[in-house]
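Q: I am attaching a structure below and will ask some questions about it afterwards.
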Amino acid sequence: MISAVDIKKLWYANIELVTGPLTPAMLKTILESATEVTNVHQDTWSIEEAEASQDSFVNQLTGQIYRMGAKTMGAVTYNWTIGQYDFQSKADLLGGTATDSSWERERGAVVKYKTIIALTEDDVYAVLPKANIAARQAQTDGAVGLGVVATALEPDNVEIKAEYWFLKSKVDAGAEA
């Protein structure tokens with residue numbers, strides 16, 4: 001039994017590292033080159049799934065629903081604010097150009113995709129193999145944090161699912177299933 005309690009560790013990686021259906025062994029390898037987020041500002045971490053929507057059709061004679069239309073699943077998002085970061089992390093998530101001592105914003109709209117890997121306090125990895133990253137500068141108790149919303153996308157490879165969860169013990173062992 002799991003509860004997926006809070007957040008213990010958080011990483012992002014290039015989506016090209018997920019080369020097929022994600023396994024614990026592949027995740028273990030990806031973690032070796034992933035960038036760890038070392039600061040998540042208090043109480044900003046969450047995993048949310050919007051409610052699915054579906055049209056219903058009512059029999060006019062009885063007033064009762066007699067059939068349902070197509071279902072549209074709700075968006076799955078991982079949300080957090082980074083309270084302390086370096087310029088490279090800012091560029092990785094918000095876009096722009098970074099050096100050790102500066103950051104410059106890109107012109108126009110920025111599109112970023114990352115693999116997001118979260119480890120919960122009760123040792124469950126939650127992974128979005130391809131996530132659209134919407135980052136912004138956000139006020140966090142007197143400082144400028146990086147607010148991030150990572151929305152699960154359908155990966156380009158049809159064999160890869162949009163979200164995976166694994167027990168940490170399986171990933172540590174490099175187990176295939």
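Q: Going by what's in this entry, would T29 be described as of a type in the set (S, T, Y), more than 24 Å from V158 (Cβ to Cβ), open to solvent by 20 Å² or more (accessible area, probe 1.4 Å) and without any contact (Cβ under 8 Å) to a residue 60 or more places away in the chain?
A: no
Q: How many residues are outside any strand (DSSP E or B) and either at pLDDT 95 or above or buried (at least 16 other Cβ atoms within 10 Å of the Cβ) (or both) when one looks only at segment 132-141?
A: Initial filter on segment 132-141 (outside any strand (DSSP E or B)): 141.
Pick out the ones that are also either at pLDDT 95 or above or buried (at least 16 other Cβ atoms within 10 Å of the Cβ) (or both) and you get none.
Within segment 132-141, residues that are outside any strand (DSSP E or B) and either at pLDDT 95 or above or buried (at least 16 other Cβ atoms within 10 Å of the Cβ) (or both) number 0.
Q: Can you name the residue in segment 36-56 that is open to solvent by 70 Å² or more (accessible area, probe 1.4 Å) and either among the aromatic types (F, W, Y) or assigned to a strand (DSSP E or B) (or both) and is also nearest to T72 (Cα to Cα) among such residues? Step through it out loud before you land on a result.
A: From segment 36-56, those open to solvent by 70 Å² or more (accessible area, probe 1.4 Å) are 36, 38, 42-43, 48-49, 51, 54-55; that's our starting set.
Narrowing further to those that are either among the aromatic types (F, W, Y) or assigned to a strand (DSSP E or B) (or both): 36, 48-49, 54-55.
Values: E36: 33, E48: 16, E49: 12, Q54: 6, D55: 9 Å.
So the residue we want is Q54.
Yes or no, residue by residue, for (1) open to solvent by less than 10 Å² (accessible area, probe 1.4 Å); (2) without any contact (Cβ under 8 Å) to a residue 24 or more places away in the chain; (3) more than 15 Å from the chain's Cα centre (by Cα):
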site: D86; (1), (2), (3): no, yes, yes
site: A91; (1), (2), (3): yes, yes, yes
site: V110; (1), (2), (3): no, yes, yes
site: I116; (1), (2), (3): yes, no, no
site: K130; (1), (2), (3): no, no, no
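Q: Can I ask one more? What pairs come up if the first residue lies in segment 164-175 and is at positive phi, the second is buried (at least 17 other Cβ atoms within 10 Å of the Cβ) and in a helix (DSSP H, G or I), and their beta carbons are under 7 Å apart, counting only those six or more places apart or on different chains?
A: Listed by first residue and then by second, the contacts come to G174/P24; G174/K28.
Q: Follow-up. Quick one: which of G174, G83, G147, G96 is small (G, A, S) and at pLDDT below 95?
A: From the options G174, G83, G147, G96, the qualifying one is G174.
Q: Can you tell me which of I2, I15, I7 is under 30 Å from G83 (Cβ atoms), in contact (Cβ under 8 Å) with a residue 40 or more places away in the chain and open to solvent by 60 Å² or more (accessible area, probe 1.4 Å)?
A: I2 is the lone residue from the list that is under 30 Å from G83 (Cβ atoms), in contact (Cβ under 8 Å) with a residue 40 or more places away in the chain and open to solvent by 60 Å² or more (accessible area, probe 1.4 Å).
Q: Checking the conditions here, which among G20, G63, G96, G69 is touching a residue at least 24 places away in the same chain (Cβ under 8 Å) and either open to solvent by less than 80 Å² (accessible area, probe 1.4 Å) or within 18 Å of V148 (Cα to Cα) (or both)?
A: Just a single option satisfies the conditions, and that option is G20.
Q: Given the residues K71, K114, which is the only one that is part of a strand (DSSP E or B), among the basic types (K, R) and under 30 Å from E176 (Cα atoms)?
A: Answer to the check: K114.
The values are calculated or read from the model by the stated rules, or taken from the named source; none is laboratory data. This structure is a prediction, so every number in the text was calculated from the model and none was measured. Neighbour counts run over all protein chains shown; Cβ positions are idealised from the backbone, glycine included. Accessible surface is based on the protein model in full, side chains and every heavy atom, while ligands, DNA and RNA are left aside. Shrake-Rupley method; radii C 1.70, N 1.55, O 1.52, S 1.80 Å.
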